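Peer 1: Sharing a structure here in structure tokens format.
The values are calculated or read from the model by the stated rules, or taken from the named source; none is laboratory data. Note that this is a predicted model, so its numbers are computed, not measured. No Cβ is skipped: glycine too gets one built from the backbone with ideal geometry, and neighbour counts run over all protein chains shown.
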Amino acid sequence: MALTRSSGVLLHPTSLPGGRLGDEAYRFVDWLAEAGQSWWQVLPLGPPDEHGSPYRGRSAFAGWTGLLAEPRAPVTLEEAEAFVARHPYWIGDWASYNARTGKAGTRSSGRRRKRRLERGGAVAGQVRFEREWSALRRYAAERGIRIFGDLPIYVSGSGADLPAHPELFETRVVTGAPPDPFNPTGQLWGSPVYRWATARAEGWRWWVERFRRTLELFDLARIDHFRGFVSYWAVPAGAKTAKGGRWVRGPGSEPFEAARRELGDLPLVAEDLGAITPAVVRLRERLGLPGMVVLQFGFDGGSANPHRLENHPENAVVYTGTHDNDTALGWWSSLSAARRQAIGLDPGDPSWSLIELALSSRARLAILPAQDLLGLGSEARLNTPGRVGGNWSWRLRRGRLTSALAARLRAATKAAGRA
């Protein structure tokens, strides 16, 4: 997918007022159109873990029914059967997981009837999710708004995927990231790693189906932790920190090539942040995928820093900050007075100053977090990597996205040639 010069806003549905796919989601689409935007970026839509993280979801395929505006809407037998026919690879595994864990729930008595209703409940929930999400996507498309989604590289060790495909996962080691200046003991994610040799022997079927599902949900998707396809940080299971991990070779381009042979072009963006080696850059370029640049990272590290504004490539997505960063104002407030002066943003409105830099970038797509458009501080930060609790809870207050703000963003977008 060739990106055109455009822009959009990052706001996960859980951060909408009410946190659901109801009227507020449609109002947000209307506001994006009023503001001259082309994209709505969201995070993964799967059922999150117990801490609310969408990156350790309980399924690599299912949608989270906690987002539904009408979670009890009627579902006919014909709808359920048609959904099962369209999604034969994963829906049975998801239904079995719900029946085994009791996630779907039922008040019916009798073990056999309870299991049948729980299976039906899991399928019905996915029918409702498809119904609501598809209607919202159609509404957005009619107003010139495309959906930019997210594909986590890893799955939860306590979700549906591991018991459904145990041969594809190695549980003696878990995922993480090595120590860095922000995390001296590294990051311990705790997800199982892949048995790439087994996936290869199976013709990459699980990955092809995962990409297929991604294309059903989104117009464009960011593939999380892209560098893990080159090499990944594997930590012994049971370790308290990620310090004792080691780098292990990944599968390279093979999963992508297998998916392209069956599905055609993959509209993906490579999340190529962190410890990026020349091999990661070569893989991204070989696949022809846009990468990411983050302006908060662009004011240190010397003239070769890829996040510096003058170094941005065209085939990239530029952010003021991602969901893993502090807000622009929170970041600015953490800097010393001397550092602020050296960076040179407008001290009266640093958030908007950074937004204008992002819009001016050569990168074809600019994505602006809603928190930065509103000039919010660290209290509005969505996620702090390495911290287990206290994340994913920020909500937009109803009425904050005004027509005046839409007009300001539309003017800036037009001035930058992105309208």
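Peer 1: Listed residues A69, A60, A73; which is under 30 Å from R284 (Cα atoms), part of a loop (DSSP other than H, G, I, E, B) and either hydrophobic (A, V, I, L, M, F, W, C) or within 20 Å of the chain's Cα centre (by Cα) (or both)?
Peer 2: A60
Peer 1: Please tell me if R395 is assigned to a loop (DSSP other than H, G, I, E, B), modelled with pLDDT of 95 or more and under 21 Å from the mean Cα position of the chain (by Cα).
Peer 2: yes
Peer 1: OK, next. For the list (1) in a strand (DSSP E or B); (2) surrounded by 21 or more Cβ atoms within 10 Å (Cβ to Cβ), I need the number of the one condition that T171 fails.
Peer 2: All conditions are met except number (2).
Peer 1: Condition (residue is under 28 Å from V293 (Cβ atoms), exposed (fewer than 15 other Cβ atoms within 10 Å of the Cβ), among the hydrophobic types (A, V, I, L, M, F, W, C) and in contact with a Leu (Cβ under 9 Å, 6 or more places away or on another chain)) applied to the range 224-231: is it met by at least one residue?
Peer 2: no
The rows are residues; the columns are (1) at pLDDT below 95; (2) surrounded by fewer than 13 Cβ atoms within 10 Å (Cβ to Cβ); (3) small (G, A, S); (4) assigned to a helix (DSSP H, G or I).
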residue: T106; (1), (2), (3), (4): yes, no, no, no
residue: E118; (1), (2), (3), (4): yes, no, no, yes
residue: G125; (1), (2), (3), (4): no, no, yes, yes
residue: A141; (1), (2), (3), (4): no, no, yes, yes
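Peer 1: Considering each residue of the range 316-357, count those that are closer than 18 Å to L382 by Cβ, hydrophobic (A, V, I, L, M, F, W, C) and part of a helix (DSSP H, G or I), and give that number.
Peer 2: Adding up the residues that qualify gives 6.
Peer 1: Please go through the range 274-298 and give me each residue that is part of a loop (DSSP other than H, G, I, E, B), surrounded by fewer than 18 Cβ atoms within 10 Å (Cβ to Cβ) and either modelled with pLDDT of 95 or more or basic (K, R) (or both), ordered by number.
Peer 2: Within the range 274-298, G288 is the sole residue that qualifies.
Peer 1: Just to be sure before I move on: is E202 surrounded by fewer than 18 Cβ atoms within 10 Å (Cβ to Cβ), at negative phi and of a type in the set (D, E) in the structure I sent?
Peer 2: yes
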